[in-house]
1. So which residues in the range 67-93 are assigned to a helix (DSSP H, G or I) and without any contact (Cβ under 8 Å) to a residue 12 or more places away in the chain?
2. Any idea which of (1) buried (at least 19 other Cβ atoms within 10 Å of the Cβ); (2) at pLDDT 95 or above is the one residue 80 doesn't satisfy?
3. Is there any pair with a first residue in the range 55-66 that is under 15 Å from residue 83 (Cα atoms) and a second that is of a type in the set (Ser, Thr, Tyr) and in a strand (DSSP E or B) whose Cβ atoms are under 8 Å apart and which are 6 or more apart or on different chains, and what are they?
4. Just for the range 127-163: of the residues that are modelled with pLDDT under 90 and charged (D, E, K, R), which one is surrounded by the fewest Cβ atoms within 10 Å (Cβ to Cβ)?
5. In the range 16-39, what residues are surrounded by fewer than 20 Cβ atoms within 10 Å (Cβ to Cβ) and in contact (Cβ under 8 Å) with a residue 40 or more places away in the chain?
6. Consider residue 103 against the criteria (1) at negative phi; (2) not in a strand (DSSP E or B); (3) not hydroxyl-bearing (Ser, Thr, Tyr): it satisfies all of them except one. Which criterion is unmet?
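The values are calculated or read from the model by the stated rules, or taken from the named source; none is laboratory data. Keep in mind that what you see is a predicted model, and the values were worked out from it rather than measured. For neighbour counting, all protein chains shown are included, and Cβ atoms are generated from backbone atoms with ideal geometry for every residue, glycine included.
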Amino acid sequence: MTREPVDDAEVCVVAASSAWPFYQATGSYICQANRRFRDATRLGFYSARTIHPLVARIEHTVPQIDLDDEHAAALALSADPVERRVGKAMAAGLHEGMSGTVQVVVLSAPRDPATETIGAIRHEGRSAWTVFQRYVPLGRLRAAELTSDLADTDAGEADDGGH
């Protein structure tokens, strides 16, 4: 596997208050079906006026799947390790009350060496830094202390957030 030039890695920073603890517990992200992440190879999390300090590598996506007990159980028992992770993420999402057709994004786990650690980046503006998603090179995130240090980053496209 070719490793991307880490500082140039495109990070999609998503805003969703429940996404950060869900990632910490499952190493995954669940959002609306067919959500686009452009060319991002990594996912970061923004909530509570902070870009959190872990930036996960996107390892696999299932763009559209029905979130139900049957799918979750079948995948969680699969011989394929990626399918097992998808099934476990789905089961956790169901436990959290998620439903419908979703996208499951399998990420590098919080303690995985592929997960990059940055300093937590505070937001001091009056409105949210993003309510959807924004794209930032990883090197810029590493160097920032405040979101104002990222003032010229792409505000991304509108969507309905994620879980």
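1. Of all residues in the range 67-93, those assigned to a helix (DSSP H, G or I) come to 69-76, 81-93.
Those that are assigned to a helix (DSSP H, G or I) and without any contact (Cβ under 8 Å) to a residue 12 or more places away in the chain: 70, 81, 83, 84.
2. (1)
3. 64/101; 65/101; 66/101
4. Of everything passing the filter in the range 127-163, 152 is surrounded by the fewest Cβ atoms within 10 Å (Cβ to Cβ).
5. Selection gives 18, 24, 25, 32, 33, 34, 36, 38.
6. Going through (1) at negative phi; (2) not in a strand (DSSP E or B); (3) not hydroxyl-bearing (Ser, Thr, Tyr) one by one, residue 103 breaks only (2).
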